[in-house]
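K.L.:
Sharing a structure with you now.
The values are calculated or read from the model by the stated rules, or taken from the named source; none is laboratory data. These figures come from a predicted structure and were not determined experimentally. Cβ atoms come from the backbone with ideal geometry, glycine included; neighbour counts cover every protein chain shown. Surface accessibility is based on the protein's heavy atoms, side chains included, excluding ligands, DNA and RNA. Shrake-Rupley method; radii C 1.70, N 1.55, O 1.52, S 1.80 Å.
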Amino acid sequence: MVLSPDCSKALAGFSAHRNVRVANDGLLAMRINILREFSMTGRHFLHVPGPTNIPDRVLRAMHVPSEDHRNPTFPNLTLPLFKQLKRLVRTETGQAFIFPSSGTGAWEAVMTNTLSSGDKVLASRFGQFSHLWIDLAKRHGLDVIVQEEEWGTGASPEHIQAELEKDTAHQIKAVMVVQNETATGVTSDVAAVRKAIDAAKHPALLFVDGVSSIGSIDFRMDDWKVDAIITGSQKGLMLPAGLGIAVVSQKALEAQKAARANNPLRRVYFDFEDQSKANETGYFPYTPALPLLYGLREALQIILDEEGLDNVIARHHYLAQGVREAVKAWGLTLCAKDQKWYSDTVSAILVPEGFNGADVISRAFKRYNLALGAGLSQVAGKLFRIGHLGDLNELMCLGAITGAEMAMRDIGIDVKPGSGAAAAEEYYRTNGK
């Protein structure tokens, strides 16, 4: 076929235009891939077990100008906070302390105020955070009796009772228990631990780490005779990190007096006595984290007076169960060895043999703008974690489930497309309001 000069010219122009369009399409695809890797659009999905999502109204409450923290109206903010924190942990007689720190600061405050150098303490180790608390105690010169429990289980009331019964001289001054071990997705039975201490007829103080449980999992300070509960602002309280909170019993405050007179542990910043003197009138011995205090007021208003603490706890169980249904549908298992250990704030999900949980996490973050929790220490690489606590609802959980599912498939883990989301959807649809 012979083309006219005009037709040949038009065809050449079309080919040149097509080549440019193909090149542009390739450039567009490359740009999309770059955006996916480095500059995500839409909202970031935060599903680590802390820090957690912050409600917009809490963010707005923290958007305050600087003020004089010695002004005469400042106690109008602070004094109600101490009362609300007591309600949060269900105590009538405990005393609340707020430090500008993380939960680790509250750990340190409780131990250094109530114990003396060389005191014996009993601690269960079954995850990274129980390990870190033990490490802190040892660094302060305490003699720590460590009870090793299998990771994926929690504190053993039976082992605690047996150890206390052997201590006929009552040298053990405190029992340390992490209520919710974030690294493995395990919740210990604090009420059962208290029964074990009572059954041993032992006077030891009971210290509980509630960093990833308070405001999310049931906790009853007075009913369980807990002597110190420790938490931080960045998890169930739906705030940025920066507040270390401790609520201590009258028995612990009496122990503080004895510790002062008997080779006390060193402390300045975390001294309960300094705090108590200032807090009594609504002030602090040093500059407090002002915006966080305003945020705390708003968050406690939501938890205690609007949704209601019992409803908050029920919601966390409901949302967690949907995630667990997804895990079951994937054919995977949780790190928690038995249903009695399941955490309602975080699910630690084991990846199949031959895969690395870190690859799931990396893919989810880079490709789907989803942050999942990593495996820590003994379980590093063996799992990934979905945090489901704080300001959260069904669709947010489904986003995490879907993103995790796609990331697993992307790295070669054989899960059926849509299986996890479908199982969670059905649970939420049939078990919700």
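K.L.:
Given the Cα-Cα distance of LYS433 and GLU273 and 0.36 nm per residue of separation, how much length would full extension add, in nm?
P.N.:
Between LYS433 and GLU273, full extension yields an extra 52.9 nm.
K.L.:
For every helix of n ≥ 4 consecutive DSSP H residues, a contribution of -39,500 (n - 2.57) applies; sum these over the chain, divide by its total residues, and give [θ] at 222 nm rounded to the nearest 500 deg cm²/dmol.
P.N.:
-14500 deg cm²/dmol
K.L.:
For the cross-link pairs LYS83/LYS201; LYS173/LYS225; LYS138/LYS257; LYS120/LYS337; LYS201/LYS340, which exceed 24 Å when the distance is taken from alpha carbon to alpha carbon?
P.N.:
LYS83/LYS201; LYS120/LYS337; LYS201/LYS340
K.L.:
Here's something else I'd like to know. In nm, give the distance between the simple-model label positions of LEU395 and ASP135, each being 7 Å from the Cα along the Cα-to-Cβ direction.
P.N.:
4.1 nm
K.L.:
Evaluate the charge dipole of the chain about its Cα centre and quote only its size in Debye, nearest 20, assuming +1 on the Cβ of each Lys and Arg and -1 on the Cβ of each Asp and Glu.
P.N.:
820 debye
K.L.:
Given the options ALA192, ALA241, ALA174, which has the most mean-square fluctuation in a GNM of the chain, springs set between C-alpha atoms less than 10 angstrom apart?
P.N.:
Its mean-square fluctuation being the largest, the pick is ALA192.
K.L.:
Okay, next question. Carbon and sulfur: what percent of the chain's accessible surface (1.4 Å probe)?
P.N.:
53 percent
K.L.:
Calculate the spin-label point distance for GLU307 paired with ARG409, positioning each point 7 Å from the Cα along the beta-carbon direction, and give it in nanometres.
P.N.:
Result: 3.1 nm between the two label points.
K.L.:
Right, something else. How large is the charge dipole for the stretch 308-403, taken about the Cα centre, if only the Cβ atoms of Lys, Arg (+1) and Asp, Glu (-1) carry charge, to the nearest 20 debye?
P.N.:
The calculated dipole for the stretch 308-403 is roughly 260 debye.
K.L.:
Now for a different question. Using 0.36 nm per residue of separation minus the Cα-Cα distance, give me the extension gain between GLU426 and TYR286 in nm, one decimal.
P.N.:
45.2 nm
K.L.:
On to the next question. About the Cα centre, and with charges only on the beta carbon of Lys, Arg (+1) and Asp, Glu (-1), how big is the dipole of the stretch 55-303? Nearest 20 debye, please.
P.N.:
Around 540 debye, computed over the stretch 55-303.
K.L.:
Hey, another quick one. Just to be sure I understand the rule: take each whole DSSP H helix in the chain, project its Cα atoms onto its long axis, keep it if the span is 15 Å or more and its mean Kyte-Doolittle hydropathy is at least -0.5. Which ones pass?
P.N.:
Helices passing the filter in the chain: 5-38, 75-88, 103-114, 128-139, 290-300, 309-330, 357-368, 394-410.
K.L.:
Okay, next question. Once a ≥ b ≥ c are taken as the square roots of the eigenvalues of the Cα gyration tensor of the stretch 55-303, is the result rounded (a/c under 1.5), prolate (a/b larger than b/c) or oblate (a/b not larger than b/c)?
P.N.:
Prolate shape, in that a/c is at least 1.5 and a/b is the bigger ratio.
K.L.:
Be a star and scan the stretch 205-240 for residues whose amide nitrogen sits under 15 Å from the point 7 Å along the Cα-to-Cβ vector of GLN250.
P.N.:
222-223, 225-227
K.L.:
Let a ≥ b ≥ c be the square roots of the eigenvalues of the Cα gyration tensor of the chain; is it rounded (a/c under 1.5), or, if not, prolate (a/b larger than b/c) or oblate?
P.N.:
prolate
K.L.:
Here's a follow-up. So with the 1.4 Å probe, I'd like the accessible area per residue for the chain, rounded to whole Å².
P.N.:
46 Å²
K.L.:
Spin-label point model (7 Å from Cα, Cβ direction): what's the GLU165 to ALA192 distance in nm?
P.N.:
In this crude label model, GLU165 to ALA192 measures out at 1.7 nm.
K.L.:
Quick check: from the Cα gyration tensor, does the stretch 190-257 come out rounded (a/c under 1.5), prolate or oblate?
P.N.:
Note, shape of the stretch 190-257 comes out oblate.
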